[in-house]
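One structure is given here, and the rest of the page talks about it.
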Amino acid sequence: MKKVYLIPLIFFILLAILLKIGLHLNPRDIPSPFIGKPAPAFDLPRLYQKDQRITSADMKGKVWVLNVFASWCVSCRAEHVVLSRFIRTHKVPTIGLNYKDYGTEEYGEDVLSWLSQLGNPYTFVAVDKEGRTGIDWGVYGVPESFVVDKKGIIRYKFTGPVTQQSVEDILVPLILKLREESAS
Amino acid sequence: MIPEVGHFALILALAVAIIQAIFPLLGVQLAKPQWIALAKPTAHVQFMLLAIAFTCLVYAFVSDDFSVKLAASHSNTQMPTIYKVSAVWGNHEGSLLLWAFVLSAWGMLVSIFSRSIPAVMLARVISVMGFVGIGFLLFMIMTSNPFERLAFPPAEGRTLNPLLQDPGLAIHPPMLYMGYVGFSVAFAFAIAAMLGSKLDAAWARWARPWTNVAWVFLTGGITLGSWWAYYELGWGGWWFWDPVENASLLPWLVGTALIHSLAVTEKRAAFKSWTVLLAIFAFSLSLLGTFLVRSGVLTSVHSFAADPKRGLFVLMFLGVVIGASLTLYAARAPKLQSTGRFELVSREVGLLVNNIALITITATVLLGTLYPLIIDALGMGKISVGPPYFNSITIPLATVLFTMMGVGLFLRWKNDSPERLIKILRIPAIMALVVAVVLPLLILPEFKWRAVLGLLLASWIAFTALLWFSGQGRSPFKKPLATWGATLAHLGMAVTITGITLTSMYSVENDVRLVANKAGYVVGDYEFKFINIENHTGKNYKAIRATVDVFQNGQPLTTLHPEKRDYGPGTMPMTEAGIDGGFTRDLFVALGEPLGDNAWSFRIYHKPFVRWIWLGGILMALGGLLAAFDGRYRRTRKIFLKDKAKRVAA
């Protein structure tokens, strides 16, 4: 038996092992080394007021959410309605981190239409066109959502699209609990 | 009662599949003609049983039998009948049943249109399809019974995802499945040929029409899916490189390579082991697509609920089917001697380049689709791969492929001279260059090099295809259907490339604020005037609907009604765009948010030539269909029958 004809089989076995491992991973469940640590500082231009900036200091003393999104991200559309309803119902100050969006030269084109079409639920939209802040926050993929408490500590990280169930089971109880805590 | 009949038919189908898989194959091995003869009847009975099961499930949905769990969770009394029917395959269990049903239909068709095929070969083919059938039926019966009953049936079922309540989506999955499962026929032929150690040109000739038909369905299904995403999702896009979309593109790419490679194997007895491998790949990728969609290892907007138990089953099934066939391949392929000799400049090499380009594209798309999983499995974190990767990788590879598409048609088998080729190809090359440079200058708003490249490739493919067609000598209606088919398919590709190029480069998309009955918004020659907004009730939804009048050069052109629809509690509001379609452009208006004082935000697109993307898909499918019905395949049957008659007489 010539060895060259075994190559497809070997490739397939490797792929099957990979898929087997993949089966036991939950694509949405990622432990973050950032949980319990202070949220990384950032200072980014705002989408609608390009001359103004939004910084982590602006959010001090609030329980807030950072949602990483991009107009090219299909899953972001999937979570958009759920996320918007959550932000509106519970009046959660939320920063939309627009991560490495299309057309970095004339950035904002696609994301502007994306937001006007689907609705803009965010308190502020911060433009991270190079993805530097994304790296600081340890963003693996888009979408991701971080819950930050009044002291500026990351308390929870959600990878992948937020579902209605996880809003009810995780996010709402957590937000209510964190609001009880003191800011000092 | 009816659901139990369906369930019972399903179990019987499994029993028949086991007979179908084992007896004909053993019969060949042990030379027992009675066992071999079981192939045809079992294939027929298998089809009938699955038809009964499928009809029972459709009946449960249409008659609102909510004691069937599947109907209760995916259908309700408010839905129009057609969507009750399409809801049958809008979920995991139902779509599996459709898979198995389609597989049995292919099996029956093969057994009917098989007069030219020796009984031994047919027995092996049917048996391989029986093995695949066992896998799917076991999967259904063990982990996903579509006929499961509820002890306390609800009075009303749940609402079907409104995205799925659409005529396009009612026929899109069955078409895709016809394509996916259709590759099982080419696969079965390849395996049967390997089992019999008879990898000559004959198996390629038998497998060709079947592969073409499967490819036609897949092409149609992908085209329809892209069209559905365009007008229903309201995003104005037509391809998103979503894992589920990629899952349908991968077998299509390999299938395209297979169609071309089969031609070489049949006519020149070359690439024998390569063609077998492609047949295995095409079907394996169809199965892999099923795994990716069903198991939830990748996140996608299209996938159904994930269940690791089901994923494990599909993976084991994949392991058995693909692992066994690749092992067989490793054992048999070394014995294959490709007899046809050929030189560097020859049609064989042209088709080889085409194959390599297609396979490289397949590999990169597969890598991009699985990359998040690979990184994750290695414990290196989670990432998502977006359109920038796919676009930057596939476009250069496709450029090579498209260039070869023109050259390949004129290449001669075995040996060809570059001088002769250059002499022939000079004319279409110059014509294509002229079109690609002049057209943008004359009619397009802006000169862009990338548009020139796209148009150059498209017109190159179109001109070479037409030149080749006219150079075939005979009058158009005496040409073989295969010639018609190849020309049409190549022209279809040219049309699709034109559509993609012009839409990507020249689309205007703008978000505007319009006030009712005030000045409109102008794009080129078109003006959009917002007239009013009103409530509207449809059959299965409530909507707010805007009226937008469109004027062209001041003349009224059409009235569009973009909507926002609410399909009831627990569903997302849907955007239903107002589209005025045209041969050279689409006008597309989507309703945004209220901005107060009679003002609303609108998203307005002017998409030039977007319809050409799907028009090309239709042409390609049509071309594949014509080629599948070429007289040559019927003639071989006659010759064979004559041979047989002679032998009998002797």
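The values are calculated or read from the model by the stated rules, or taken from the named source; none is laboratory data. In this text, all values refer to a predicted model and were calculated from it rather than measured experimentally. Methodologically, a virtual Cβ is constructed for each residue, glycine included, from the backbone with ideal geometry; neighbour enumeration extends over all protein chains shown.
Points to keep in mind about this one:
- As for region B:221-233, it holds at least one residue that is buried (at least 23 other Cβ atoms within 10 Å of the Cβ), modelled with pLDDT under 85 and over 15 Å from the mean Cα position of the chain (by Cα).
- Residue-level check: of (1) hydrophobic (A, V, I, L, M, F, W, C); (2) surrounded by fewer than 21 Cβ atoms within 10 Å (Cβ to Cβ); (3) closer than 30 Å to B:Pro153 by Cα, B:Ala53 misses just (2).
- Each residue in region B:1-50 was checked for being of a type in the set (A, V, I, L, M) and not in a helix (DSSP H, G or I), and 4 of them qualify.
- Unique residue being within 23 Å of A:Thr159 (Cβ to Cβ), aliphatic (A, V, I, L, M) and at pLDDT below 90 when the list is B:Ala269, B:Ala306, B:Ala263: B:Ala306
- Test: residue in region A:134-144 that is over 18 Å from A:Ile95 (Cα atoms) and among the acidic types (Asp, Glu): no
- Just one of the numbered conditions (1) part of a helix (DSSP H, G or I); (2) out of contact with any helix residue (DSSP H, G or I) (no Cβ under 7 Å at 6 or more places or on another chain) is not true of B:Ala193: (2).
- Residues within region A:59-80 that are in contact (Cβ under 8 Å) with a residue 12 or more places away in the chain and either of a type in the set (Asp, Glu) or in a helix (DSSP H, G or I) (or both), tallied: 7
- Some residue of region B:565-580 being under 17 Å from B:Gly237 (Cα atoms), surrounded by fewer than 19 Cβ atoms within 10 Å (Cβ to Cβ) and free of Cβ contacts under 8 Å to residues at least 60 places away in the same chain: yes
- Residue match in region A:83-93 (condition: surrounded by fewer than 16 Cβ atoms within 10 Å (Cβ to Cβ) and at pLDDT below 85): no
- Pairs meeting the criteria (first residue in region B:454-478 and farther than 27 Å from B:Ile395 by Cα, second residue of a type in the set (Gly, Ala, Ser) and buried (at least 19 other Cβ atoms within 10 Å of the Cβ), beta carbons under 6 Å, at least 6 apart or on different chains) are lacking.
- Figure legend. Inter-residue proximity from region B:264-288: first residues over 17 Å from B:Asn212 (Cα atoms), second residues among the small types (Gly, Ala, Ser) and not in a helix (DSSP H, G or I), beta-carbon distance below 8 Å, spacing 6+ or different chains. Indicated pairs: B:Arg268/B:Gly340; B:Ala269/B:Ser338; B:Ala269/B:Gly340; B:Ala270/B:Ser338; B:Ala270/B:Gly340; B:Phe271/B:Ser338; B:Lys272/B:Ser338; B:Ser273/B:Ser338.
Rundown of residues vs (1) of a type outside the set (A, V, I, L, M, F, W, C); (2) modelled with pLDDT of 85 or more; (3) out of contact with any Cys (no Cβ under 7 Å at 6 or more places or on another chain); (4) over 22 Å from A:Phe11 (Cα atoms), yes/no style:
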position: B:Ser417; (1), (2), (3), (4): yes, yes, yes, yes
position: B:Ala432; (1), (2), (3), (4): no, yes, yes, yes
position: B:Leu441; (1), (2), (3), (4): no, no, yes, yes
position: B:Arg450; (1), (2), (3), (4): yes, yes, yes, yes
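- Applying the condition of being of a type in the set (A, V, I, L, M, F, W, C) and surrounded by fewer than 17 Cβ atoms within 10 Å (Cβ to Cβ) to region B:149-170 and asking which residue is modelled with the highest pLDDT yields B:Leu150.
- Within region B:92-115, restricting attention to residues that are under 20 Å from B:Phe131 (Cβ atoms) and aromatic (Phe, Trp, Tyr), the residue that is surrounded by the most Cβ atoms within 10 Å (Cβ to Cβ) is B:Phe101.
- When region B:517-565 is filtered for residues that are acidic (Asp, Glu) and closer than 23 Å to B:Glu232 by Cα, the ones remaining, listed by number, are B:Glu534, B:Asp549, B:Glu563.
- Test result for B:His74, within 30 Å of B:Asn540 (Cβ to Cβ), in contact (Cβ under 8 Å) with a residue 40 or more places away in the chain and touching a Ser or Thr at 6+ places or on another chain (Cβ under 8 Å): no
- Of B:Leu358, B:Leu373, all but one fail to be modelled with pLDDT under 85, part of a helix (DSSP H, G or I), out of contact with any Lys or Arg (no Cβ under 9 Å at 6 or more places or on another chain) and not aromatic (Phe, Trp, Tyr); the exception is B:Leu373.
- Selection status of B:Gly237, more than 25 Å from B:Ala119 (Cα to Cα), surrounded by 23 or more Cβ atoms within 10 Å (Cβ to Cβ) and of a type in the set (Gly, Ala, Ser): no
- Qualifying residue in region B:230-244 (condition: more than 14 Å from every other protein chain (Cβ to nearest Cβ), among the hydrophobic types (A, V, I, L, M, F, W, C) and out of contact with any Lys or Arg (no Cβ under 9 Å at 6 or more places or on another chain)): no
- Test: residue in region B:289-302 that is at pLDDT 80 or above and within 8 Å of chain A (Cβ to nearest Cβ): no
- Set side by side, the residues B:Pro562, B:Pro573, B:Pro556 differ, and just one is modelled with pLDDT of 85 or more and within 14 Å of chain A (Cβ to nearest Cβ), which is B:Pro562.
- Qualifying residues in region B:386-410 (those that are within 14 Å of chain A (Cβ to nearest Cβ) and touching a helix residue (DSSP H, G or I) at 6+ places or on another chain (Cβ under 7 Å)) - the one surrounded by the most Cβ atoms within 10 Å (Cβ to Cβ): B:Phe390
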